[in-house]
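A short write-up of the structure that comes next.
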Protein chains: 2
Amino acid sequence: MTIRLVLADDEDLIRGALAALLGLEDDLVVVGEAASAAEAVAVACAERPDLAVLDLEMPPGDGLGAAAEIHARLGVPVVLVTRHARPGVLRRALAAGVRGFVPKTTPAARLAAIIREVHGGRRYVDPDIAAAALTERPCPLTPRELDVVRAAARGAPVAEIAAAVHLAPGTVRNYLSAAMAKLGAPNRQAAARTAWEQGWI
Amino acid sequence: MTIRLVLADDEDLIRGALAALLGLEDDLVVVGEAASAAEAVAVACAERPDLAVLDLEMPPGDGLGAAAEIHARLGVPVVLVTRHARPGVLRRALAAGVRGFVPKTTPAARLAAIIREVHGGRRYVDPDIAAAALTERPCPLTPRELDVVRAAARGAPVAEIAAAVHLAPGTVRNYLSAAMAKLGAPNRQAAARTAWEQGWI
DNA sequence: CGGAGCCGATGACAGATGTCATGGGTTCGC
DNA sequence: GCGAACCCATGACATCTGTCATCGGCTCCG
């Protein structure tokens, strides 16, 4: 009884290495590979695997949408692999139906076991991130504040942010000010950094 | 005739996957693994491998120092693997004696061949990065300007930067202004981003 | 209904930031 | 010796940013 896998990661070297790692297991076989979120969905539809292993960071866009789509349309369980394991992202991943959440700090030897567990109907979530997600304060920012902070993340001036979010410059500064106060950040860069680290943006 | 390798990457999953990938080759054997730059040097000294494969991004510090040390002290050729292949970093890597420079966008199947080439005394440099490095403008920033831009990269206020670099606040602003003018950046965040993307900081 | 919270905006103000001119110090190469 | 380039600093100025008070409109809940 082999488990048929689809594997997606935008970095060829990593994807190939993971394929080699999983190929060492007698009961795992990689039947399809993809280098982007869109391609991952297409390959999954074509191959109808028993399980999909997706990297979360696959520009453009993230693997979360692909994970949700693969789970919703095909009923295929998804294991997400991520470099930056942020609490908020775990929350959204679980909401999207993801069955496994594995940071890249996980020992390589455990990945196959995790895949078997998820294939067997169980879930796997990295204990550290789970703890962080359970103890975290919920995001204190309003949707609009999140928009503005997101737009401010690249260090753009207020006028640019205002244009991007279709708001008056003064309103943007108000939202930024509110977000900085809520996050205890001295400036918008720090606020954006904090929000990102928590997985809120 | 097998090639004995030491492999270093801070992410366990990636390191293990790369080990699996390389282990598929009959003539390659991974004799030591490390999860940090310092550990990489120690393991290399203990194992005296034929070649070392190091990830460039290994906080704290980067793999460049470890690569230079392994090359200088042991005469072991080093292949650097990196996620963000920036022209300036390639320049510094070659100056440090690195023999192979491989971005993670390289197809996995080629890594073994690259290792054999480097072990055979040749060099390997990713063609795209090499082209970028050859056509790039040289860094226009003075050493002091680089210091200040580096300190400004995290979005710290001027006073903090001044304290970190032991300069008067006004001087910091002058350096930042000069750097922004040279890089064509509208503010210091953009300047820091540009400098980073070019591999100058 | 009334309050609370979010949304969008304005105006005023202090402080931070970016620009410019200018100065004196050093080192280096011609 | 002289100019060029870098280093460090100051002062003045315009702009940007962050804070605060205040406004009206909206929705949702008790």
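Key figures
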quantity: Only one of B:121, B:184 that is closer than 30 Å to residue A:18 by Cα and either surrounded by fewer than 16 Cβ atoms within 10 Å (Cβ to Cβ) or touching a Phe, Trp or Tyr at 6+ places or on another chain (Cβ under 8 Å) (or both); calculated: B:121
quantity: From B:98, B:102, B:76, B:81, residue being over 12 Å from the mean Cα position of the chain (by Cα) and modelled with pLDDT of 95 or more; calculated: B:76
quantity: Cβ-Cβ under 6 Å pairs, at least 6 apart or on other chains, segment A:176-201 side within 14 Å of chain B (Cβ to nearest Cβ), far side of a type in the set (Phe, Trp, Tyr); calculated: none
quantity: Residue satisfying all of: in segment B:63-72; more than 15 Å from residue B:102 (Cα to Cα) and in contact with a helix residue (DSSP H, G or I) (Cβ under 7 Å, 6 or more places away or on another chain); farthest from the other protein chains (Cβ to nearest Cβ) among these; calculated: B:69
quantity: Residue in segment A:172-193 that is away from DNA strand C (no atom under 16 Å from the Cβ), modelled with pLDDT under 95 and closer than 21 Å to residue A:57 by Cβ present; calculated: no
quantity: Flag if residue B:149 is within 14 Å of chain A (Cβ to nearest Cβ), within 12 Å of DNA strand D (Cβ to nearest atom) and assigned to a helix (DSSP H, G or I); calculated: yes
quantity: Residue pairs meeting the criteria (Cβ under 6 Å; at least 6 apart or on separate chains; first within 21 Å of residue A:3 (Cβ to Cβ), in segment A:118-131; second part of a helix (DSSP H, G or I)); calculated: A:124/A:114; A:124/A:117; A:124/A:118
quantity: Residue in segment A:59-73 that is farthest from the chain's Cα centre (by Cα), counting only those that are surrounded by fewer than 16 Cβ atoms within 10 Å (Cβ to Cβ) and of a type in the set (Gly, Ala, Ser); calculated: A:72
quantity: Members of segment B:1-18 that are surrounded by fewer than 23 Cβ atoms within 10 Å (Cβ to Cβ) and more than 17 Å from residue B:39 (Cβ to Cβ); calculated: B:1, B:2, B:3, B:4
quantity: Sole exception among (1) away from chain A (no Cβ under 11 Å); (2) acidic (Asp, Glu); (3) closer than 25 Å to residue B:136 by Cβ for residue B:26, by number; calculated: (3)
quantity: Residue under evaluation residue A:56, criteria (1) touching an Asp or Glu at 6+ places or on another chain (Cβ under 8 Å); (2) surrounded by fewer than 18 Cβ atoms within 10 Å (Cβ to Cβ), criterion not met; calculated: (2)
quantity: Unmet requirement for residue B:123, which otherwise passes all of (1) of a type in the set (Lys, Arg); (2) over 10 Å from the mean Cα position of the chain (by Cα); (3) within 14 Å of chain A (Cβ to nearest Cβ); calculated: (3)
quantity: Selected residue (criterion: modelled with the highest pLDDT) from residues of segment A:125-145 that are in a helix (DSSP H, G or I) and within 16 Å of DNA strand D (Cβ to nearest atom); calculated: A:145
quantity: Qualifying helices (runs of 4 or more DSSP H) (wholly inside segment B:153-201; at least 1 residues being within 12 Å of DNA strand D (Cβ to nearest atom) and farther than 19 Å from residue A:191 by Cβ); calculated: B:158-165, B:169-183
quantity: Residue selected from segment B:149-160 under the condition near DNA strand C (Cβ under 10 Å from one of its atoms) and within 25 Å of the chain's Cα centre (by Cα), by the criterion surrounded by the most Cβ atoms within 10 Å (Cβ to Cβ); calculated: B:152
quantity: Given (1) surrounded by 17 or more Cβ atoms within 10 Å (Cβ to Cβ); (2) within 12 Å of DNA strand C (Cβ to nearest atom); (3) more than 14 Å from residue B:189 (Cα to Cα), number of the condition residue B:139 does not satisfy; calculated: (2)
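The values are calculated or read from the model by the stated rules, or taken from the named source; none is laboratory data. Because the structure is predicted, anything quoted here is derived from the model rather than measured. Ideal geometry is used to build each Cβ from the backbone, glycine not excepted, and the neighbour counts take in all protein chains shown.
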